[in-house]
Structure formats: C-alpha cells, structure tokens
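The values are calculated or read from the model by the stated rules, or taken from the named source; none is laboratory data. All values reported here derive from a predicted model rather than from experimental measurement. In this analysis, Cβ positions are derived from the backbone assuming ideal geometry, glycine residues included, and neighbour counts consider all displayed protein chains. These accessible areas exclude ligands, DNA and RNA; they are computed on the full protein's heavy atoms, side chains included. Shrake-Rupley method; radii C 1.70, N 1.55, O 1.52, S 1.80 Å.
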Amino acid sequence: MYKLVFFDIDGTLLTERKKIPNSARKAIQDLKKKGITPVIATGRAPFRIDEILKELDIQTHITLNGQYVVYEGEVIHHNPLSVDSVKRLALAAETNKQRIAFCGSDEILGTSLVTFGQKGLLKKMIQRVPIAPPKKVMKLVTRYIGSSKKVKPVLPHYYENRVIYQCIIHATEEYDDFYQEAFPDCHFTRWNPYSVDVISKGMSKAVGIQKLIDHMGIEVSETAAFGDGLNDIEMLQAVGMGVAMENGRSELKQIADAITASPENNGILKGLQKMNLLP
C-alpha cells in the first residue's frame, strides 16, 4: 500500500492553461480519505505555491528542487547554496550579460522576469504561471531574455546576507559546458532552451524525497510520484512507482514505470487508477 504520492506542479497537476482539473482535485482528496498523503514536489519556491497548497489542502511539500522540505507545516530539511557559489554565479551571469534570479524561501530577487509578482493580486496570478514561460509566450520572452543591452547589473543586495537555495540563470544551451566546468559544486537542470536551475551538487527532488521518507520512517516501496520534466527524472527513479505524463519529456518517459495521460486528459486520475489506488 502506498503512503505518499508526490506531484510535480507545472505540466503535471496544472494544464497548459494553468488550471487544476476537477478530476485531479477530487483524486487528491480521495487519496487523503484512504490515508495516503499527497505531497507537492516542485522546482518553485515555497511562497510561489501558497495558493495551490491552499486549494488542495496540502501541508507537506518539497520545493526548490529538493533544497527545502516541509512536513505538515514544519521545515525538516533545507540546504542552501554556499555563499561562495552564489557570488561566483552572480559574477558569471553579469560577465556573460545574462539575467539571473536568486531564490530564497520567501522571496526572489535579481534581474530575471521571475522576480515579478511577489505580493498581492499579481502574486496570486503568478501561482498559476510556471517559472518556465508557456510556449506561446516564449518567443516574446526570448527577445527580452536574450537582449544583452537590456540586462541590468547584478546588485549585491540581491544575494548578500540572504539564504539562497536556488539560482535561475537565463542562458542558452551553448553555455552549458561553461557553467558545468566552472561550477563543479553545483547541479544544473535545464527546463527550456533559455533557462537553467542551479542548486547544490548532489541535490535533487529525490534527495528531498529521501529526507521526507527518513523523517516519516516509511519504505521507498510505499511511495509513488508523477512528473513531466527533466528535474523529475531523479524523483521518478527514487520512488516505488514513477509515473510520467504523456506531455512529458521523452527522457523522463523512458525511465518511468508507467505513463499516464496529460493533465488536460485527466492524467492524474487515470494514473492513480492504473495503480489501483482509486476506482
């Protein structure tokens, strides 16, 4: 019997229109009635999932790609980037005229678009928008991101005297080798052709999952996960049953134990039914 089921957000729980299907919402509530705990596992910062947690009545989550773990409202694990790594990443981004965001648990600062919408109504709207821009918007965003003339200086207050768990650098794939060679102490996960997440070396959603499993005293075989992106690969490999969304990356589907439909086609419900967790 499964005791934990992990859900990625963007492309997994949320449709392309950034809505949680009614079938997924009900399925999660039905899991709880059976004594199974639903857990959010995302690359987003904690404050950027508030509305989703509230809507689904979920108190346990793994955010910032495994760097920050909360069990029933209590932080049980957090692993910030080193001060030295953050300073060097800031310098590299500025030297290469690339936009960068510095993600804390409650605020994101920097020169990136993802720093927008941290308070009020705009914050609530951002809850429904992935950090990775929708495909229809990508072309316009690319012009903004790729324009070196418009990149502002990386100011020290963006990261100094702050606990930074993750950086987001808007760099094209041609810079992948440079960053990986220059920062052997960091782990890079690309989520579109123009942007990459940066966390501590050896960290991932899988590490966050293991921290939670250890805290609860359960077995890996009692866990399952749903995801769609490259940052979900380690997660699906770390659980008892890994389920990839039909709309997910081919690399993820190749290692998944099962493939379910897209969020628009009731993929969460159908996946849970395949696992015989729901009728």
Legend entry - Cα-Cα pairs of segment 197-279 separated by more than 14 Å (percent): 62 percent
Inset, instruction - Keeping the other protein chains in place, figure out the carbon and sulfur percent of the accessible area of the chain, with a 1.4 Å probe. - result: 52 percent
Legend entry - Positive-end extreme of charge dipole, the chain - chosen from L89, L14, G73 (charges on Cβ): L14
Legend entry - Mean separation of Cα contacts under 8 Å (6+ apart) over length of the chain, as relative contact order %: 23 percent
Inset, instruction - Of all alpha-carbon pairs in the chain, indicate the percentage at a distance above 32 angstrom. - result: 20 percent
Inset, instruction - Take the Cβ-Cβ distance between L91 and L230 as r, set R0 to 41 Å, and report the resulting FRET efficiency rounded to the nearest 0.05. - result: 0.95
Inset, instruction - Using DSSP to define loop residues, name the trypsin sites (Lys or Arg not before Pro) in segment 1-89 whose beta-carbon has at most 13 other beta-carbon atoms within 10 Å. - result: R17, K34
Inset, instruction - Provide the per residue accessible area, probe 1.4 Å, for segment 12-79, rounded to a whole number of square angstrom. - result: 41 Å²
Legend entry - Given 11 as the ceiling on other Cβ atoms within 10 Å, longest exposed-site-free region of the chain for GluC sites (Glu not before Pro) in DSSP loops: 73-218
Inset, instruction - Could you name the aspartates and glutamates whose alpha carbon sits less than 18 Å from that of K152, not counting residues in the same chain fewer than 8 places away? - result: E94, E160
Inset, instruction - Report K201's accessible area, 1.4 Å probe, all protein chains in place, as a number in Å² to the nearest 10. - result: 130 Å²
Legend entry - Phi-based couplings in Hz for segment 185-192 (Karplus 6.51, -1.76, 1.60; Gly and Pro marked x): 8, 10, 10, 10, 10, 8, 10, 6
Legend entry - For the chain, calculated [θ]222 nm from helices alone, where every DSSP H run of n ≥ 4 adds -39500 (n - 2.57): -9000 deg cm²/dmol
